[in-house]
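Heads up, the thing below is written out as structure tokens.
Please treat every number below as a calculation from the coordinates, not as lab data. Values in this document were obtained by computation on a predicted structure and should not be read as measured data. With ideal geometry, Cβ positions are generated from the backbone for all residues, glycine too; neighbour counts draw on all protein chains shown.
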Amino acid sequence: MKGAARALASGLGSGFAPWAPGTAGSAVAVLLGAALMHLSPWALPAGVILATFGGIWAIRAAGGDADPGWVVIDEVAGQWVALLALPRPALPGLIAAFMLFRLFDIAKPGPVGWADRHHTATGVMADDLIAGAMAAASLWAVRLRWPGLLG
């Protein structure tokens, strides 16, 4: 069971990238998220829920409440939250969602930083979910102002 937990927690191994594992996990999440968006309008929201609760389980099962660099399931869930703001998986929107999510995840403004300071499995997931929500809100604002810009 610990092997399955590590596979999930590492974003199917993307967390073991030799450089910037969080960015690698987010990039893999964009690709998987775009595929989910093609399946059904409900596939991506279901993926967010599964990644969130599966991530909490996987983090606990793989090593407790720590957030080692190879744990990127939180980036996957957060990136998918950002993608929820897109009407379809067009390249400009996918790139914007990726960049905004990484910006909020790395800079950790306000509530993202607050959640990051909670050193529990839930806290590990929460900061990225909040960063994803902030990216989604930003994408919604862009879509309202410039409707065709993101695809």
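Looking at (1) under 16 Å from the mean Cα position of the chain (by Cα); (2) farther than 27 Å from residue 18 by Cα, which is the only condition residue 146 fails?
(1)
Return yes or no: is residue 97 touching a residue at least 60 places away in the same chain (Cβ under 8 Å), out of contact with any Gly (no Cβ under 6 Å at 6 or more places or on another chain) and under 27 Å from residue 40 (Cβ atoms)?
yes
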